[in-house]
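> Before I ask anything, here is the structure I am working with.
The values are calculated or read from the model by the stated rules, or taken from the named source; none is laboratory data. These numbers come from a predicted model, not from an experiment. Note that each Cβ is placed from the backbone with ideal geometry, even for glycine, and that neighbours are counted across all protein chains shown. Keep in mind that these areas ignore ligands, DNA and RNA; they rest on the heavy atoms of the full protein, side chains included. Shrake-Rupley method; radii C 1.70, N 1.55, O 1.52, S 1.80 Å.
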Amino acid sequence: MSKLGSLGHRLYQGEVSFDFVGRRKLWYSLSALILLAALVGLGVNGLKLGIEFTGGSVYTVTKPGITTTEARTAADRIVEHSNPIVQTVGSDKVTIQISKDETKTTAQVTDELSKDLGVKADTINADLIGPSWGKEISKQALTGLIIFMILVTAYLAIAFEWRMAVSALVALLHDLVITVGVYALVGFEVTPGTVIGFLTILGYSLYDTVVVFDTVKENARGLTKQNRLTYSEAANHALNQTLVRSINTTVLALLPVAALLFIGGGILGAGTLNDISLALFIGLAAGAYSSICVATPLLAQLKEEQPEMKALARRVAQRRAADAKAAAEKGGPTPGEDGEGPEDAVPAGVVGQRNQPVGRRGRGRPSGKRN
C-alpha cells in the first residue's frame, strides 16, 4: 500500500486526525486576508474586459514567420487611444484586437498594418465586434448563476438541512470572489471563455463540499445519544475521512488545467487558453480549500449553536473530566496522554453508524463490537 493510501486508511479509521474544525479561526483569518486582497484588486485595477464586452475590431494577419513582437510594434504605432492585444494563432498567424475607442477607421488600420507588416491589405481579415453580444452573454450568465444558487439552496436544504445550504453558498461565493479578484490582480482579460470557467468552478466546488457534508451527515447520525464526541469532532472526522480523496481529486483536476495555463498559455504563447484555464486553476484550488477550511468549519459553528448540541458538548466535557479524575486517582496517565483511552483519537463512527468506534483495546483499532 502506498504512503498516501496508508495515510488515507489511518485517517478514515481515526488513527490520525488533523484538527481542521478546531482551527476555524485560523482559516477564517486566512480567507479574510485573501478576500481582502481580491477586493482591493477589484477596487484598484478593476476587471480588464475583453473586446467581446467592450466592442472593437479584430484584425487577423497571416504571414509566414510573423511574431507577436513584430505585430505589436506595428499596432502600437498605428493606434493612439487604446492598448492593442496581440495573440498568436498557429505558427504564421496573429490576431490584433483594437478597442472601439480608436479614432481610425477599419480601412485605415488595415492599410497601415499591410504597409508595416509587409503583407497585402486584402489578406488581412477585419471583424467588427459590438458590445451588445458580450452584454447578452453576461446577462445570461448572471441569470444562470442566480438559478443555480436557488436550486442548490433548495437541494441542500431538502437533502441535508438549511445550515449546510448556507455553508455551501458561503463557500461558493468565497471561491467566486477569490477567482474574480485574481483576474483583477494579474490583469488577464475577461472573455466569454472566462465566464464559462467561472460557472464551471461552481459545480466543482459544490461537488467537493457535498461529498464532505454527506460524510458529516453519516457521522452525526445518532450523535446526541452518546457522550464521547461533539458535533465539531464528528464533522472534523468526516473531513479527515474524505481528505485524501479531496487531495487526489484536486490534483488530478489541476494537472491538465495547469498544462493549459503554464505550458499552452505561458510557454507556447496561446493566449486564448488563459481565458478559461486561469479561472479553472484558481477556482479548483479555492474550491478544494473552501470545502475543507470554510464550509465544514462554518457548518460545525452553526450546528454548535443548537440547544441539543450545546447540551451534548456539556455531557462530553463532563465525561472527559470524570475520566481524567478517575485516571488521576488510579495513578495512571490522564486519558489521551499515552495515546489510549476513549478520547485518544477521533473514532471511525459514533452511535447509530455502521462504522466501528475506537475503544481502549487495540490502541485505536476497531473493537469488533457495534454500538
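> Which whole-Hz ³J(HN,Hα) couplings does the stretch 151-168 yield from phi under the Karplus relation 6.51 cos²θ - 1.76 cosθ + 1.60, θ = phi - 60°, glycine and proline marked x?
So the Karplus estimates, Gly and Pro as x, are 5, 4, 4, 5, 5, 5, 5, 7, 6, 10, 6, 5, 5, 5, 5, 4, 4, 5 Hz.
> Please give the solvent-accessible surface of LEU169 in Å², to the nearest 10, using a probe radius of 1.4 Å with every protein chain present.
Only protein atoms counted, so the area is about 40 Å².
> With contacts defined as alpha carbon pairs under 8 Å and 6 or more residues apart, what's the relative contact order of the stretch 143-286 in percent?
Numbers: 120 pairs, mean separation 43.6, N = 144.
Relative contact order of the stretch 143-286: 30 percent.
> Between GLU136 and MET149, what length comes free when the chain is fully extended (0.36 nm per residue of separation minus the Cα-Cα distance, one decimal in nm)?
Numbers: separation 13, 0.36 × 13 = 4.68 nm, distance 2.00 nm.
Roughly 2.7 nm would be gained on extension.
> Given a Förster radius of 51 Å and the C-beta distance between PHE262 and ARG315 as r, what FRET efficiency does 1/(1 + (r/R0)^6) yield to the nearest 0.05?
With R0 = 51 Å, the Cβ-Cβ based efficiency is 0.45.
> At a Cα cut-off below 20 Å, give the lysines reachable from LYS139, other chains included and same-chain residues fewer than 8 away excluded.
LYS48
> Right, another one. Over 27 Å between C-alpha atoms is what I'm after, so list which of LYS93/LYS115; LYS303/LYS330; LYS25/LYS325 land there. Numbers along the way, then the final one.
Details: LYS93/LYS115 17 Å; LYS303/LYS330 37 Å; LYS25/LYS325 30 Å.
Over 27 Å apart, Cα to Cα: LYS303/LYS330; LYS25/LYS325.
> So if R0 is 56 Å, what FRET efficiency would ALA328 and ARG245 give, r being the distance between their Cβ atoms, rounded to the nearest 0.05?
Values: r = 40 Å, r/R0 = 0.72.
The calculated FRET efficiency here is 0.90.
> Please compute the per residue accessible area over the stretch 191-298 with all protein chains in place, 1.4 Å probe, rounded to a whole number of Å². Can you show the working numbers first?
On the way: 3700 Å² over 108 residues.
That works out to 34 Å² for each residue.
> At 1.4 Å probe size, with every protein chain present, just tell me what the per residue accessible area of the stretch 32-157 comes to in Å². Before the final figure, lay out the partial values.
Numbers: 7150 Å² over 126 residues.
Per-residue accessible area for the stretch 32-157 comes out at 57 Å².
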